[in-house]
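Quick note: the coordinates plus some simple rules give every number you see, no bench work behind them. In this text the structure is predicted, and so the values were computed from the model without any measurement. Cβ: placed from backbone, ideal geometry, glycine included. Neighbour counts: every protein chain shown.
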Amino acid sequence: MGGKVEKRMSRDETKQILMRIQSTFPNWKPQSDLRFVIETWNEYLSDYDYEQVKAALKAFVMTDSSGFAPSVGQLIEILDRLGNVGDLSEMEAWSLVSKALRRSLYYADEEYTKLPEAVQKAVGSSHDLYNWATTDMKTVENVIASNFMRTYRQELARVRELRKIPANVRALLENCGNKPLLESQG
């Protein structure tokens, strides 16, 4: 799953991250008890490896000019981006669909199953692939491609947001709705 590893960051490593933040942002003064701040940050970042969080903090410091210390969410955003550089762009995803369309008059089911999951969700079904394959090329290249890319962009944004939620929290949310929020993204 997106940049996460099996090794969990320890409480002492979380303290080191917070000390790095404090030394980089001297005006950063937590409003809560320091023990509570350490426990909270550790809870939210413990699914990540210390070296990953340290790299995300460094990336934040080197690219942010606001002068404000990062939030946990900002570090997780960087961790997700660093861990998921393989996400397809809209054009790359459409290229896969376009290639699948060439064989979808006869092999739509087979072509659909070859597509990555986020692309499949943006397409809809193998039946949609078949229908698109029977549509004139001008419509496919203009209207369908545009609609697909918009839908893919929305699906990718949904997947990216869900990837940031720890697995145990996602499991609790899924238990409430009995529907997987995020299938494996290989």
Q) What list of ³J(HN,Hα) couplings, whole Hz, do you get for the range 24-38 from phi and the Karplus terms 6.51, -1.76, 1.60, once you set θ to phi - 60° and write x for glycine and proline? A) 7, 10, x, 7, 6, 9, x, 7, 9, 4, 4, 4, 5, 4, 4
**Q.** Flagged links, alpha-carbon separation over 18 Å, of K15/K164; K29/K54; K99/K138
**A.** K15/K164; K29/K54
Q) What relative contact order, as a whole-number percentage, does the chain give when Cα pairs under 8 Å and 6 or more residues apart are counted? A) 21 percent
Q) Helix 90-101 sits at what angle to the longest principal axis of the chain, using alpha carbons and giving 0 to 90 degrees rounded to 10? A) 30 degrees
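Please give the net charge around Q22, taking every other residue with its beta carbon less than 12 angstrom from that of Q22, where Lys and Arg add +1 and Asp and Glu add -1. Mind showing how you got there, number by number?
On the way: positive: K15, R20, K29; negative: none.
Net charge in that neighbourhood comes out at +3.
With a ≥ b ≥ c taken as the square roots of the eigenvalues of the C-alpha gyration tensor of the range 96-135, please select rounded if a/c is under 1.5 and otherwise prolate if a/b is larger than b/c or oblate if it is not? Intermediate results must be reported in sequence, preceding the final value.
Working: a/c = 1.67, a/b = 1.47, b/c = 1.14.
Because a/c hits 1.5 or more and a/b exceeds b/c, the range 96-135 counts as prolate.
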Q: As a check on your grasp of the helix formula, calculate [θ] at 222 nm for the chain: sum -39500 (n - 2.57) over DSSP H runs of n ≥ 4, divide by the residue count, round to the nearest 500.
A: -20000 deg cm²/dmol
**Q.** Listed values (1) 15.0, 44; (2) 16.1, 50; (3) 21.1, 65, entry calculated as Rg and Dmax of the Cα atoms in Å
**A.** (3)
Q.
Loop only by DSSP, 10 or fewer other Cβ within 10 Å of the Cβ. Give me the trypsin sites (Lys or Arg not before Pro) in the range 79-147 that pass, ordered by residue number.
A. R102
